[in-house]
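Notes to accompany the following structure.
The values are calculated or read from the model by the stated rules, or taken from the named source; none is laboratory data. Note that the structure is predicted; figures quoted are calculated from it, not measured. Neighbour counts run over all protein chains shown; Cβ positions are idealised from the backbone, glycine included. When the accessible area is computed, the model is the full protein with side chains, heavy atoms only, and any ligands, DNA or RNA have been set aside. Shrake-Rupley method; radii C 1.70, N 1.55, O 1.52, S 1.80 Å.
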Amino acid sequence: MAGLADVLEALQRTIEDGELHRRQHLEAEMGSQFGRHVEIGLALREAFEQPELRDKFIRRLKPLRRLIIGNLPAGVQRQGLLPELSPQQRTAMGHRRLDDIPDSELEQWLIDDGRMIYGEFKPHELHHYFTAIAPYVKPGSAMIDLGSGLGKVVLSAALSLPFGSCTGVELLPYRHAMAQQRFDAMLAAGDAALAALPGPPTPDEVVALPYGGHADASHVLRLKERVRFINGDLFDADVSQAGLIFMYCTCFAPLMDRIGEKLARELPQGCLVSTTTFQLRHPAFQEVAHFPSGTVAWTSVYLYVRAGELEGLPPAPASYLYEPPEEQWEAAVREQMAALDAGA
Ligand SMILES: C[S@@+](CC[C@H](N)C(=O)[O-])C[C@H]1O[C@@H](n2cnc3c(N)ncnc32)[C@H](O)[C@@H]1O
């Protein structure tokens, strides 16, 4: 007979991948949250595209190349998040040109540019990931995805693992809005599946979870209260009640030190933290498991537990950054400039 398991299955069917979603341009207005980012990005893109400005582009970015993910900043490329504005529009908006932008602003721009790159686990990777972490999850605990994108991990975790709550914190308003829309669609599918049952589920009904164990009816019936998406900066997120922090942080290299500091100070003892690509080197974390690249996912996955008092710990080793040799970096960028001219 149809029951809660069918509702859970209907909810699961609504989960969509997001890797190839249509990017929305950042707002261009100077007063808006991303106005300054757009201004600097467009000045850089102009210098990348205009042959007479290219030496300047190389000269300005070379000393900062450790902050660039790949060789060329994602935002400078056509598929990036910057809007198309003509030089006239930029002048009318009071935008500066590259010469008028100090290095400190370029540095921050590169950090922001990298962290807004989108990526997520493929379905089979998420399946491997949940299989790997399921034995560590405390039933009823709170999961938080810092940088939650379109919400796939939050929504999948809320259905598949015995978390009490799952929260996503996402910086970009359009990604947050897409996550919320996906959640609304999931709730609507759940309501339809519930309405199709021969009778309402009884409070003592349990549902088997895909990665082991069972949950009571509230797991499905209280989904609306168990999931939350917040449009905000992960550095402002309240993580004080968290049981597991998830981060797909492959593009967060320049932020990893600051993230480690925040989590060391603000997480409760025993909280789990999972990272991709980068280890959490802060001494307040002990490694619980390491899944090398090619096992759970294409990149390494690490699982840590917050343990020990902060006082008396040695300082965290700094820097997760990779700096390619100067000539190698310049040659790669000039190659991309040539490809642009060739219309590639
Ligand atoms: C690599 S994506 C991962 C998306 C999602 N966690 C997943 O695995 O499916 C990282 C996300 O973090 C967001 N992000 C970057 N910096 C952030 C910040 N300071 N606060 C909140 N979100 C941030 C980006 O906009 C992006 O959507």
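Points to keep in mind about this one:
- Within segment 251-276, the set of residues being open to solvent by 30 Å² or more (accessible area, probe 1.4 Å), in contact (Cβ under 8 Å) with a residue 60 or more places away in the chain and out of contact with any helix residue (DSSP H, G or I) (no Cβ under 8 Å at 6 or more places or on another chain) comprises Asp257 only.
- Restricting the first member to segment 160-177 and to residues that are assigned by TED's automatic domain parsing to the domain that holds Leu81, and the second to residues that are near the ligand (Cβ under 7 Å from one of its atoms) and in a helix (DSSP H, G or I), no beta-carbon pair is closer than 7 Å while six or more apart or on different chains.
- Filter result for Gln279 (surrounded by fewer than 12 Cβ atoms within 10 Å (Cβ to Cβ), in the same structural domain as Leu146 (by TED's automatic domain parsing) and touching a residue at least 12 places away in the same chain (Cβ under 8 Å)): no
- Residue pairs whose Cβ atoms lie under 6 Å apart, sitting 6 or more positions apart in sequence or on different chains, and linking a residue in segment 136-148 that is assigned by TED's automatic domain parsing to the domain that holds Gly270 to a partner that is away from the ligand (no atom under 16 Å from the Cβ) and at pLDDT below 95, do not occur here.
- Test: residue in segment 112-131 that is at pLDDT 95 or above, surrounded by 19 or more Cβ atoms within 10 Å (Cβ to Cβ), away from the ligand (no atom under 13 Å from the Cβ) and part of a helix (DSSP H, G or I): no
- Positions within segment 132-162 being part of a strand (DSSP E or B) and more than 10 Å from the ligand (Cβ to nearest atom), in sequence order: Ala142, Met143, Ile144
- One residue stands out among those in segment 163-185 that are charged (D, E, K, R) and either open to solvent by 20 Å² or more (accessible area, probe 1.4 Å) or in a strand (DSSP E or B) (or both): the one that is farthest from the ligand (Cβ to nearest atom), which is Asp184.
- From the list Val220, Val239, Val206, the lone residue that is open to solvent by 30 Å² or more (accessible area, probe 1.4 Å) and in contact with a strand residue (DSSP E or B) (Cβ under 8 Å, 6 or more places away or on another chain) is Val206.
- Selected residue (criterion: farthest from Leu263 (Cα to Cα)) from residues of segment 296-336 that are open to solvent by 70 Å² or more (accessible area, probe 1.4 Å) and within 21 Å of the chain's Cα centre (by Cα): Trp298
- Strands (runs of 3 or more DSSP E) contained in segment 186-267 and holding at least 3 residues at pLDDT 95 or above and within 16 Å of the ligand (Cβ to nearest atom): 227-231, 244-246
- Total residues in segment 15-31, condition open to solvent by less than 80 Å² (accessible area, probe 1.4 Å) and within 16 Å of the ligand (Cβ to nearest atom): 7
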